[in-house]
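What follows is a single structure, written as structure tokens, with notes after it.
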Amino acid sequence: MASGRIGDIEFDAPSDAVARALIGATLLVDGVGGRIVETEAYDETDPASHTFNGPTKRNAHMYGPPGHAYVYRSYGLHWCLNFVCREPGHGAGVLLRAIEPTDGLAEMRARRRLEDARILCAGPGRLTEALGITLAHGGLRLDRPPFFLQAAAEPLEVLAGPRIGISKAVDAPWRFGLAGSRFLSKPFPRGTARALK
DNA sequence: CTTTCGATGATCT
DNA sequence: GATCATCGAAAGG
């Protein structure tokens with residue numbers, strides 16, 4: 001079984017295509033989550049990627065089968081969740097940066113000790129806290145519990161622009177977001193983003 | 001609205 | 001020893 005298709009999204013593909021395809025998809029972890037509204041693509045050709053210098057202990061899951069999770073600790077404090085893709089060279093993935101909370105609001109508010117739904121999952125560290133993601137989720141497949149993933153029911157307008165929080169390859173337009181969403185980690189400033197059909 | 005800074009620890013050189 | 005795919009609070013315009 002070589003298909004990397006999960007929830008109607010093809011993960012056996014370049015990370016920028018996957019990052020784009022994930023916008024609007026529903027992601028739940030143990031029934032808690034919502035609609036993905038912001039992602040970023042990373043791969044081995046990319047100086048900002050954890051995989052730029054090849055396999056290491058930390059990034060091992062990025063070299064495993066597509067459609068699985070890669071979780072890492074950020075700044076010693078936060079967890080960040082990636083979806084593993086596959087492209088020539090391997091070591092590619094999509095960082096989940098923001099979700100529009102729809103399911104399990106009470107659970108997410110309790111975990112985040114925060115009422116405001118608008119920023120409950122607006123950031124890579126925030127969304128993992130809200131969904132209860134930790135290193136223990138690293139390497140798990142996305143097509144079975146605790147994960148649930150389903151593509152958007154209809155085409156949506158997506159923006160592409162420069163990524164956030166990196167110091168290398170800062171101009172590559174590998175950040176994707178749902179146009180008009182109020183749940184992004186940051187806006188896509190006019191002039192820096194391109195609308196995709 | 002903006003910028004700055006501390007927290008905190010794994011990872012890699 | 002430096003660098004982080006970050007967050008939140010605080011301070012300044």
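Return the residue satisfying two criteria in turn: it lies in the range A:13-45 and is β-branched (Val, Ile, Thr) and touching a helix residue (DSSP H, G or I) at 6+ places or on another chain (Cβ under 8 Å), and of such residues it is nearest to DNA strand C (Cβ to nearest atom).
In this case the residue turns out to be A:Thr39.
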### Task
Evaluate the range A:136-146: report whether one residue or more is free of Cβ contacts under 8 Å to residues at least 12 places away in the same chain, surrounded by fewer than 16 Cβ atoms within 10 Å (Cβ to Cβ) and within 23 Å of A:Phe176 (Cα to Cα).
no
### Task
Hey, could you check the range A:25-82 for residues that are of a type in the set (A, V, I, L, M) and out of contact with any strand residue (DSSP E or B) (no Cβ under 8 Å at 6 or more places or on another chain) and say which is nearest to DNA strand B (Cβ to nearest atom)?
A:Leu77
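Per-residue answers, yes or no, for (1) touching a Cys at 6+ places or on another chain (Cβ under 9 Å); (2) part of a loop (DSSP other than H, G, I, E, B); (3) farther than 15 Å from A:Leu142 by Cβ:
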position: A:Ala17; (1), (2), (3): yes, no, yes
position: A:Gly33; (1), (2), (3): yes, no, no
position: A:Ile36; (1), (2), (3): no, no, no
position: A:Thr39; (1), (2), (3): no, no, no
position: A:Glu44; (1), (2), (3): no, yes, yes
## Note on the structure
Considering the range A:138-163, residues that are touching a helix residue (DSSP H, G or I) at 6+ places or on another chain (Cβ under 9 Å) and closer than 18 Å to A:Val37 by Cα, and then whichever is farthest from DNA strand B (Cβ to nearest atom), we arrive at A:Ala151
## Note on the structure
Condition set touching a strand residue (DSSP E or B) at 6+ places or on another chain (Cβ under 7 Å) and assigned to a loop (DSSP other than H, G, I, E, B), scope the range A:107-135, selection surrounded by the most Cβ atoms within 10 Å (Cβ to Cβ): answer is A:Cys121
### Task
Find all pairs meeting these conditions: Cβ atoms under 9 angstrom apart; at least six residues apart or on different chains; first residue within the range A:158-178 and under 16 Å from A:Arg194 (Cβ atoms); second residue within 15 Å of DNA strand B (Cβ to nearest atom) and among the acidic types (Asp, Glu).
A:Ala172/A:Asp46; A:Trp174/A:Asp46
### Query
If you go through the range A:60-86 one residue at a time, how many are out of contact with any Lys or Arg (no Cβ under 8 Å at 6 or more places or on another chain), surrounded by 20 or more Cβ atoms within 10 Å (Cβ to Cβ) and outside any strand (DSSP E or B)?
2
#### Entry: Failed condition for A:Glu10, given (1) more than 15 Å from DNA strand C (Cβ to nearest atom); (2) touching a residue at least 24 places away in the same chain (Cβ under 8 Å); (3) farther than 22 Å from A:Leu120 by Cα
(2)
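Read the figures in this text as sums done on the coordinates, not as results from a lab. All values derive from a computational prediction rather than experimental measurement. Cβ: placed from backbone, ideal geometry, glycine included. Neighbour counts: every protein chain shown.
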